[in-house]
Amino acid sequence: MELEPNIQALQDGHRVDCVVEVLFTGPGYSVLTTKIHKVTILTDVKLTKGQSFTLFGMSKWQVANQLWLMNTEHTVVLQHLPRDVSELKMMTEICSGIGAVTEGYEACGATIKSHNEKNTVFAEWLRRQNKVVIQGDIADPVVVSQISHVHGSILSGGVSCQPWSTLGDQQQFRDDRSLSMTGMLKAIHLLQVPMAIMECTPKVYQSNETQAMFRQFTSETGMKVHQAILPLHTFWPSRRQRWWATISHPSLGLQAIPEIPPLAFEPKLIHLFPCFMELDDFTLQELKLDDEELEQFMSTPKGMHEHQVNQLKPLPTATHSWGSQLKGCECGCRSHGFSQQRIKEKGLYGQLLPLSETCTKQQSVVRCMRHLHASEVALANGLDPFFPGLNNMKPRLALAAVGQLASPFQGAWVLANAMHDMNKVGVLPGPVKNPIDVLQAQAKHLLLQRDRLLKVETQTESMLRLAK
């Protein structure tokens, strides 16, 4: 990861994006020093003495042994002025997907100013919800320069987990998708935001390579990093253990991310789902396993049973590929299913519900099956099942969207604790919400939405236990 290039070593004409401080100004030029390496440079951009700027899209030239950063048609100048404390509740979400985690941030009182998303399908989905969207790869400094016009003081990003995930290839930084992590760290520096929140697979915490990169980042920027592995199944019936990190300026006073208080019992699906959704014919046919899927799931070592929803357990960790392992993903990330070799190595994943109709497979009469509906997966992971726009997607696209979400419960916990810490040191004026109160309010809302989704009229003993 290179937060600031070695400008002296670059060829003339090379693009440069860097943070600078202005030392002197003269007629037609300014004298700068770079933020990290403290290199003295001249520029033809007129800047204000004593101020800090990020210069995007400059061109490096060396004239008579003097380094210059020259203005180009792509140059964007971002001035870093003192921030008002009210801005510490304004956020930009990086690698947004459908922006599910923002439901948790908003529960803390935050305002989401803008979203960044690389995937065209999800970027268009966000626009249909009237969101401010900067589409493109966060690793591209042109995209970061576009975000600079509409970003909040806090960046949040659920970076790509495939480079580290057990179900991925675990190539870490040898996987191009890891650029979402290094790209976000560089964006934090270039935008000079005082705080950021990152989320990914727990394997990030166990990666020596990744932890070394965070040490480099803190050494070069002076920012503080706090990391934690947060479970979901200890207080809500779904397994979604994730790595979360806060990256902040020391003045904000952020402390270690605390553990989420567990319930006195481990909740199971039966505590949340007395039954499952009644689907219309179109949705049912879209989620119903086709012949190939049925054959493949039946042929796994433990047969169909291991994939069938078990209401006496938490929901297994949902993935983006639920519903698309054997066919192309409707988000456009894959045009075809996984290879048989990959399926053999990694296995099939998904949660299936039996249907009333039967069919004959492998010389046996078996129940037809369907994938879980996106609203069912959303509810199990702490997202409102009526999240705006979710039910307007194609069913398997929606399933892919919620399969990669960062839980609003966990996002709310991290941000609420950060706000509490900032309030404690006097940076963020009160009142701020108590983190546990935020989670309880979210849970109460979700239980009401559950009753609406499943048309619940009578509370079972199991449901009442979770509601307490």
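What follows draws every value from the coordinates through simple rules; no lab data is involved. This is a predicted model, so every value here is computed, not measured. Ideal geometry is used to build each Cβ from the backbone, glycine not excepted, and the neighbour counts take in all protein chains shown.
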### Task
Quick one: work out the % antiparallel among DSSP beta bridges in region 271-403, nearest 5.
90 percent
### Message
As a test, work out the antiparallel percent of DSSP beta bridges whose residues both lie in the chain, rounded to the nearest 5.
### Response
70 percent
#### Entry: Percent of Cα-Cα distances greater than 22 Å, calculated over region 7-80
9 percent
### Task
Using just the alpha carbons, could you tell me how many Å³ per residue the convex hull of the chain encloses?
155 Å³
### Task
Would you mind working out the magnitude of the charge dipole of the chain relative to its Cα centre, with +1 at each Lys and Arg C-beta and -1 at each Asp and Glu C-beta, to the nearest 20 Debye?
620 debye
### Query
Just going by the charge dipole of region 271-403, with Lys and Arg at +1 and Asp and Glu at -1 on Cβ, which of Pro274, Gln308, Phe338 is farthest out on the positive end?
Phe338
### Query
Equivalent-ellipsoid semi-axes (√(5λ), Cα gyration tensor) for region 271-403, whole Å, largest first?
22, 18, 15
### Query
Around Thr111, which amide H atoms from residues at least 5 apart in sequence, or from another chain, sit under 5 Å from its own amide H, with H modelled in the peptide plane?
Met90, Met91
### Task
Would you count, across region 271-403, every pair of lysines whose alpha carbons are under 18 angstrom apart, provided the pair is eight or more residues apart or spans two chains?
10
### Message
Students often forget the sequence filter, so: which aspartates and glutamates lie under 16 Å Cα-Cα from Lys46 once same-chain residues fewer than 8 apart are removed?
### Response
Glu21, Glu73
### Task
Apply the Karplus parameterisation 6.51 cos²θ - 1.76 cosθ + 1.60, with θ equal to phi minus 60°, to every residue of region 67-75 and state each ³J(HN,Hα) to the nearest whole Hz, in sequence, with x for glycine and proline.
7, 10, 10, 9, 5, 10, 5, 9, 5
### Query
Using θ = phi - 60° and the Karplus curve 6.51 cos²θ - 1.76 cosθ + 1.60, what whole-Hz ³J(HN,Hα) does each residue of region 368-381 get, with Gly and Pro shown as x?
5, 10, 10, 6, 4, 7, 4, 5, 5, 5, 4, 4, 5, 10
### Expected 222 nm ellipticity per residue - DSSP helices of 4 or more, -39500 (n - 2.57), all of the chain, to 500
-8500 deg cm²/dmol
### Task
May I ask you to derive the relative contact order of region 317-389, considering only C-alpha pairs under 8 Å and at least 6 residues apart, and to give it as an integer percent?
21 percent
### Query
Using Cα pairs under 8 angstrom and six or more residues apart, how large is the relative contact order of region 271-403, in percent?
30 percent
### Query
Picking from Ile247, Gly109, Gly426, whose Cα lies most toward the positive end of the charge dipole for the chain (charges on Cβ: Lys, Arg +1; Asp, Glu -1)?
Gly426
### Message
With θ taken as phi - 60° and the coefficients 6.51, -1.76 and 1.60, list the Karplus ³J(HN,Hα) couplings across region 265-276 in order, rounded to whole Hz; mark glycine and proline as x.
### Response
9, 8, x, 10, 4, 4, 6, 10, 10, x, 7, 10
